[in-house]
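Scroll down for the structure; my scribbles are underneath it.
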Amino acid sequence: MRRTMVAGNWKMHGTRASVAELIQGLSNLALPSGVEVAVFPPALFINQVIDGLQGKEITVGGQNSAVMPEQGALTGEIAPSQLAEVGCKLVLIGHSERRQIVGETDEVLNRKFAAAQASGLKPVLCIGETLEEREAGKTLEVVGRQLSSIIEAFGVDVFANAVIAYEPVWAIGTGLTATPQQAQDVHAAIRAQLAAKNAEVARNVQLLYGGSVKAANAVELFGMPDIDGGLIGGASLNADEFGAICRAAGN
């Protein structure tokens with residue numbers, strides 16, 4: 001049985017003071033049992049968050065990690081082994097902002113995915129299409145290609161220890177949200193693509209939806225059969241709103 005997951009991506013937000021306030025808010029939440037809750041703070045604040053959330057059932061992850069698992073001469077990067085050493089369990093791989101703005105290619109993301117798993121981290125692979133690609137009817141082609149890149153490099157079994165987040169680029173931070181049925185259609189296609197290689201992996205992998213998820217639309221989105229929770233952006237910076245989304249997942 002797949003557990004529902006709600007993961008908060010704080011992106012490039014936070015000061016020591018605002019993070020302390022957010023930790024306090026998260027600590028006060030009554031989180032539903034059966035929902036896996038995670039947060040992805042900026043790297044500078046990972047230690048502060050891990051220390052502040054001790055005793056809470058909230059997993060902490062990194063927003064990005066290097067193409068090599070071990071420490072070395074790679075200025076400005078963080079090795080996944082370093083994330084694991086401080087207590088991270090998850091890491092985002094291939095968020096659309098890193099694909100679109102930083103220019104990370106599938107080849108680079110394959111290396112990051114493998115390095116993360118080699119370091120004991122569970123990758124959260126983000127895939128999704130732009131508005132132009134959706135309007136051109138290429139959604140499933142684009143998402144399928146991004147997923148195939150990992151499968152062709154390492155085999156489908158690697159997804160026994162990974163999470164997949166479908167994030168339509170046009171819905172991230174825009175206030176636009178895929179309808180529950182639009183999101184479900186893509187999630188179902190992702191699961192079918194995995195099932196064609198390994199039915200058990202497909203059945204057990206968590207598929208999250210990301211893209212302007214709020215408490216107001218979470219219940220309907222999470223009620224879809226192939227949507228196992230959400231990767232939450234802006235709404236995760238407000239503990240009360242994030243808590244409401246977690247409760248929606250618990251329903």
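Take the Cα coordinates of segment 144-202, assign each an equal point scatterer, and use the Debye formula without solvent to give log10 I(q)/I(0) at q = 0.14, 0.21, 0.27 Å⁻¹. For segment 144-202 at q = 0.14, 0.21, 0.27 Å⁻¹, log10 I(q)/I(0) is -0.44, -0.84, -1.14. What shape does segment 112-176 have by the C-alpha gyration tensor, where a ≥ b ≥ c are the square roots of the eigenvalues, rounded means a/c under 1.5, and otherwise prolate means a/b greater than b/c and oblate the rest? Taking the square roots of the gyration eigenvalues as a ≥ b ≥ c, segment 112-176 is oblate.
Label-to-label distance, Asn204 versus Lys56, with points set 7 angstrom from Cα along the beta-carbon direction: 3.0 nm. Can you give the net charge of the other residues whose Cβ lies under 10 Å from the Cβ of Lys138, counting K and R as +1 and D and E as -1? Charge balance near Lys138 sits at -3. A P(r) calculated from all alpha carbon pairs of the chain, with 5 Å bins opening at zero, reads 1, 6, 15, 19, 21, 18, 12, 6, 2, 0 percent.
Mean separation of Cα pairs under 8 Å and 6 or more residues apart, divided by the residue count, gives segment 50-164 a relative contact order of 24 percent.
Rolling a 1.4 Å probe over the heavy atoms of the protein chains gives the chain an accessible area of 45 Å² per residue.
Based on alpha-carbon centroids, what's the gap between segment 1-32 and segment 181-242 in Å, whole number please? Result: 18 Å between the Cα centres. Here the Debye sum runs over all C-alpha atoms of segment 1-114 as equal scatterers in vacuum, and log10 of I(q)/I(0) at q = 0.12, 0.18, 0.19, 0.23 Å⁻¹ comes out as -0.46, -0.98, -1.07, -1.35. For the pair Gln100 and Ala153, the difference between a 0.36 nm per residue extended length and the Cα-Cα distance amounts to 16.9 nm.
Only lysine pairs 8 or more places apart, or on different chains, with alpha-carbon atoms under 19 angstrom apart are counted in the chain, and they number 8.
Once every Cα of segment 50-192 carries one equal point scatterer and solvent is ignored, give the base-10 log of I(q)/I(0) from the Debye formula at q = 0.10, 0.16, 0.18 Å⁻¹, two decimals. Taking Cα atoms of segment 50-192 as identical point scatterers yields -0.36, -0.89, -1.07.
Per residue, the chain reaches -12000 deg cm²/dmol at 222 nm when only DSSP H runs of four or more residues are counted, each adding -39500 (n - 2.57).
Treating r as the C-beta distance of Thr15 and Glu70 and R0 as 35 Å, the FRET efficiency rounds to 0.65. Available extension along the chain between Ala192 and Lys138 is 17.7 nm, counting 0.36 nm per residue and deducting the alpha carbon span. Using 0.36 nm per residue and subtracting the Cα-Cα separation, the extra length available between Asn47 and Val108 on full extension is 19.3 nm.
Reported value for segment 22-87: 90 Å³ per residue, from the convex hull of its C-alpha atoms. Here the accessible area of the chain is 50 percent carbon and sulfur, with a 1.4 angstrom probe and all protein chains present. If R0 is taken as 25 Å, the Cβ-Cβ distance between Thr174 and Glu220 corresponds to a FRET efficiency of 0.85. Can you list which of the DSSP-assigned H helices in the chain have a Cα extent of 20 Å or more along the long axis and an average Kyte-Doolittle score of at least 0.5? Qualifying helices, which must be both long enough and hydrophobic enough, are 139-154.
The values are calculated or read from the model by the stated rules, or taken from the named source; none is laboratory data. Note that the structure is predicted; figures quoted are calculated from it, not measured. Quick reminder, even Gly has a Cβ in these numbers, built from the backbone with ideal geometry, and neighbours come from all protein chains shown. Ligands, DNA and RNA are stripped out before the accessible areas are found, and what is left, the full protein with its side chains, is counted by its heavy atoms. Shrake-Rupley method; radii C 1.70, N 1.55, O 1.52, S 1.80 Å.
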